[in-house]
Amino acid sequence: MDAIVLAAMAKWPNVPAVFGWLRLDARGQWWIKDERLQHEGMAEFFNRNYSRDGQGRCYVQNGPQKVYVTLDAAPLVARRTPKGWSTQPYDDDVPARSAWLTPDGVLLLEIGGELAVVDDRDLPSLLDEGLPGWDGDMAALPTTLKLPEAVLPLASETLPALQSRYGIVARPK
């Protein structure tokens, strides 16, 4: 977290939280109300000051004020890299441990103990490479996602069930 944010929190400890204004979409883009955030510096600030509280609610610490985040899918968004996965809002190259495919065709991973949705722009090539010959029939979903960097256990699961398993509050109030 930025030093200026920590100083503001110490100076004004009882500022009310904000709900319903900030959203993280399934591609790692920030939205303020219904407008995609275009300002790169502000997006970087949000990324640096993004966290999750003990109740499973994600937020951006904006000075002394917590701005709770509505999640389209998961707290993290994963993009594939040569070393593993880069996650938004953070930018770490980390390995995945498990994978799930929802009946709606959304791929989610466990990365660093957290749930991450795979950016849909990576999905077609990832499924072609990791599930060769699979025809899309969920009843015949393979039990592993075979990638050059790792073979991951794979299962079918719904997004709400995964959010519950990981203690995620997607729409905090």
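Rule-based calculations on the coordinates, nothing more; no lab input. Computed from a predicted structure; not experimentally measured. With ideal geometry, Cβ positions are generated from the backbone for all residues, glycine too; neighbour counts draw on all protein chains shown.
Couplings 3J(HN,Hα) of the range 159-169, computed from phi: 4, x, 5, 5, 4, 5, 4, 8, x, 8, 9 Hz, in residue order, whole Hz [Karplus 6.51 cos²θ - 1.76 cosθ + 1.60, θ = phi - 60°; x for Gly and Pro]. Students often get this wrong: which residues of the range 151-165 have the backbone nitrogen under 19 Å from the point 7 angstrom along Cα-to-C-beta of Asp137? Hits in the range 151-165 for Asp137 at 19 Å: 155-157.
Distances between placed amide hydrogens fall under 5 Å for Glu157 paired with Leu101, Thr102, all partners being 5 or more residues away or on another chain. Beta bridges assigned by DSSP with both partners in the chain are antiparallel in approximately 75 percent of cases. Note on the range 1-22 and the range 58-94: Cα centroid distance 18 Å, given to the nearest whole angstrom. When DSSP beta bridges are restricted to pairs lying wholly in the range 1-79, around 75% turn out antiparallel. Between Asp25 and Glu129, the C-beta separation translates, for a Förster distance of 25 Å, into a calculated FRET efficiency of about 0.50. Once the cut-off is 19 Å, how many percent of the Cα-Cα pairs in the range 1-107 end up in the long-distance tail? It works out to 49 percent of all Cα pairs. Excluding same-chain neighbours fewer than eight residues apart, the aspartates and glutamates reachable from Lys66 by a Cα-Cα span under 16 Å are Asp2, Asp53.
Placing +1 on each Lys and Arg Cβ and -1 on each Asp and Glu Cβ, with no other charges, gives the chain a dipole about its Cα centre of roughly 760 debye. Taking each residue as 0.36 nm, the span from Asp92 to Asp104 lengthens on full extension beyond its C-alpha to C-alpha distance by 1.6 nm.
The smallest convex shape that holds all Cα atoms of the range 93-141, its convex hull, gives 88 Å³ per residue. For the range 113-173, the orientation-averaged shadow of the C-alpha convex hull comes to 5.3 nm² (one quarter of the hull surface).
The residue among Gly133, Tyr166, Val151 whose Cα reaches farthest toward the positive pole of the charge dipole of the chain, with charges on the beta-carbon of Lys, Arg, Asp and Glu, is Tyr166. Stokes-Einstein diffusion of the range 38-173 at 4 °C, 1.567 mPa s viscosity, Kirkwood radius from Cα pairs, rounded to a whole number: 82 µm²/s.
Close amide H partners of Val118, meaning residues 5 or more places away or on another chain with modelled amide H under 5 Å apart, are Ala78, Leu107, Leu108, Leu109.
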